[in-house]
1. Mind listing just one residue for me: the one in region 76-106 that is more than 16 Å from Val182 (Cβ to Cβ) and assigned to a strand (DSSP E or B) and, of those, most open to solvent (accessible area, probe 1.4 Å)?
2. Taking Val45 as the residue in question, decide whether it is out of contact with any helix residue (DSSP H, G or I) (no Cβ under 6 Å at 6 or more places or on another chain), at negative phi, of a type in the set (Val, Ile, Thr) and at pLDDT 90 or above.
3. Among (1) open to solvent by 10 Å² or more (accessible area, probe 1.4 Å); (2) under 14 Å from Ala139 (Cβ atoms), which single condition is Leu201 missing?
4. What are the residues in region 7-42 that are on the phi < 0 side of the Ramachandran plot and outside any helix (DSSP H, G or I), if any?
5. I want to confirm something. Restricting to region 124-147 and keeping residues that are hydrophobic (A, V, I, L, M, F, W, C), touching a strand residue (DSSP E or B) at 6+ places or on another chain (Cβ under 6 Å) and surrounded by 24 or more Cβ atoms within 10 Å (Cβ to Cβ), which single residue is farthest from Thr159 (Cα to Cα)?
6. Check Asp148 against each of (1) in contact (Cβ under 8 Å) with a residue 40 or more places away in the chain; (2) assigned to a loop (DSSP other than H, G, I, E, B) and name the one condition it does not meet.
7. Considering only residues of region 3-24 that are open to solvent by less than 30 Å² (accessible area, probe 1.4 Å) and within 13 Å of Thr36 (Cβ to Cβ), which is farthest from the chain's Cα centre (by Cα)?
8. Among (1) touching a strand residue (DSSP E or B) at 6+ places or on another chain (Cβ under 6 Å); (2) small (Gly, Ala, Ser); (3) surrounded by fewer than 17 Cβ atoms within 10 Å (Cβ to Cβ); (4) at pLDDT below 90, where does Gly60 come up short?
Amino acid sequence: MGSVQRAMRLLESVAEHEHGAPAKQLARETGLALPTAYHLLRTLVHEGYLRRDKGLFFLGEAAERLSSSGAEQKRRSTVVEALAHWRDLIGVPVYYAQYRNGEIEVLCVSDSPGNPAVEEWADFRETGHAHAIGQCLLAQLDDEARRDHLDRYPVQSITPYTVRDGHSLLRRLERTARMEVVTERQEYALGTVCAAIPITLGNAAATMAISMPAHQADRLLAATQQLQEEIGRLTGTLAISISI
């Protein structure tokens, strides 16, 4: 345990020196005897946590991977916490999704026993034409990307309320402004209504969405507006975090 603690102190010390530091300086800053510091530094270099260049020590690839992973986890945690807060505040399941590499990806869902998320009874990626999340993401794409998606995942009616064909869907999407809220009522799942709010994320298509039972449909507009206001309050934080 003592060796681990001393090695961690050395890593922390190296991280504070953007342009590297020699062993003597690191030993002095960490309060380690020079032979001990040398031994631990050689071990850390061997394991890839540090690298040595012209007598100076820098963070290695292994340490940078840990740092990158930690930053990603922190960003994801920010999104998870925000969705959980909105779930409890508004009393509905909240979803976060992106269109990445030609696919609809639901990256995070926050629900509760009293307000469960919609059951994915038909693959979300293949039925983007039927649910608010997919329609919102497709509306943000250019015409070529949109048609490519529908060529790979043709429109099919999965409930009596689903859009009937690709031409009808394309006309609907063309009438939808790129950053306009999208709502759907029982098009994906009978007894469920949904709304999806487009999110600005550079050139990427992203959305936050909510769902609720059809018998509560009169709440949908107010709940959507409340979520929009909440997203607006956290825009600065989420602009970085939602790239998970």
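1. Out of the qualifying residues, it is Arg100.
2. Yes; evaluated as a whole, the condition is true for this residue.
3. Going through the list (1) open to solvent by 10 Å² or more (accessible area, probe 1.4 Å); (2) under 14 Å from Ala139 (Cβ atoms), Leu201 breaks only (2).
4. Glu16, His17, Glu18, His19, Ala21, Pro22, Leu32, Ala33
5. Among them, the one singled out is Leu137.
6. So Asp148 meets the others, but not (2).
7. Ranking the candidates gives Ala23 first.
8. (3)
The values are calculated or read from the model by the stated rules, or taken from the named source; none is laboratory data. None of the values given here were measured: they were computed from a predicted structure. As a convention, Cβ positions derive from the backbone with ideal geometry for all residues, glycine included, and neighbour counts pool all protein chains shown. Ligands, DNA and RNA are stripped out before the accessible areas are found, and what is left, the full protein with its side chains, is counted by its heavy atoms. Shrake-Rupley method; radii C 1.70, N 1.55, O 1.52, S 1.80 Å.
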